[in-house]
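The values are calculated or read from the model by the stated rules, or taken from the named source; none is laboratory data. In this text the structure is predicted, and so the values were computed from the model without any measurement. Cβ atoms come from the backbone with ideal geometry, glycine included; neighbour counts cover every protein chain shown. Heads up: the accessible areas ignore ligands, DNA and RNA and are worked out on the full protein's heavy atoms, side chains in. Shrake-Rupley method; radii C 1.70, N 1.55, O 1.52, S 1.80 Å.
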Amino acid sequence: MSRTASPETYFAAAMRLLAGPGLPALRIGRLCREVGVTSGSFYHHFGNWDGFVAGLLEHWTQEEVHRLVELVRRESDPVERVELMKRLALTVPHEAETAIRRWAGTDEVVAAAQQRVDDLRRDALREVLAPLIADEELTATLAEVALSVLVGHQQLHHSGPPVDLAAQLDQFEVLVRGHATAALERRVSTD
């Protein structure tokens, strides 16, 4: 085990462990074996376990929220932005996030990060929906519905029979389009 690894290599391995065997497998020794390095490399990058957890949570936030939001913001068409956000929601590492949500129940630092991720996603959803739906309260409600679909999917279907998240998100898009059409019709009739 003499190879070196970047922090991102550790984070990817951690997400695989969380998605597979789960939180009990996320230990320094197991992580180093997964990466193929000694524990000295781990301590070199992170200093200690808390440093690793902070880095992992920041990496998760960057990759699964900020990066995706930036991709959506590049799309100028409001309807296409909804479609893109829906497609990107399917790429989220749902099994790992399920483990992170469980972990948040026992660790304040993880719980705070989970709350930040949920808040950032909620804000991003509002931003995507606002150009289509003028009613801020309705936009906030629909953002909460979308987040609930994602979180509910992760919590309810992680160990049971597979459920098609794409089909659930398709129905959310139908709901949004219905409200968007109604908003557009109201604008036309008042002009």
- Name the residue, out of G55, G47, that is at positive phi, of a type outside the set (V, I, T) and out of contact with any strand residue (DSSP E or B) (no Cβ under 8 Å at 6 or more places or on another chain). G47
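Where residues in the stretch 55-77 are surrounded by 16 or more Cβ atoms within 10 Å (Cβ to Cβ) and over 13 Å from the mean Cα position of the chain (by Cα), which of them is nearest to M15 (Cα to Cα)? Before the answer, list the steps.
The initial filter retains those residues of the stretch 55-77 that are surrounded by 16 or more Cβ atoms within 10 Å (Cβ to Cβ), namely 55-57, 59-61, 63-65, 68-69, 72.
So of that shortlist, the ones also over 13 Å from the mean Cα position of the chain (by Cα) come out as 55-56, 72.
Details: G55: 12, L56: 9, V72: 23 Å.
Selected residue: L56.
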- Task: Any chance you could count how many residues in the stretch 89-109 are free of Cβ contacts under 8 Å to residues at least 60 places away in the same chain and open to solvent by 30 Å² or more (accessible area, probe 1.4 Å)?
- Result: 7
- Task: Scan the stretch 144-155 and give yes if some residue there is in a loop (DSSP other than H, G, I, E, B) and modelled with pLDDT of 90 or more, otherwise no.
- Result: no
- Any hit, the stretch 115-127, residues being open to solvent by 60 Å² or more (accessible area, probe 1.4 Å), in contact with a helix residue (DSSP H, G or I) (Cβ under 9 Å, 6 or more places away or on another chain), free of Cβ contacts under 8 Å to residues at least 60 places away in the same chain and assigned to a loop (DSSP other than H, G, I, E, B): no
- Consider C32 against the criteria (1) over 20 Å from the mean Cα position of the chain (by Cα); (2) open to solvent by 10 Å² or more (accessible area, probe 1.4 Å): it satisfies all of them except one. Which criterion is unmet? (2)
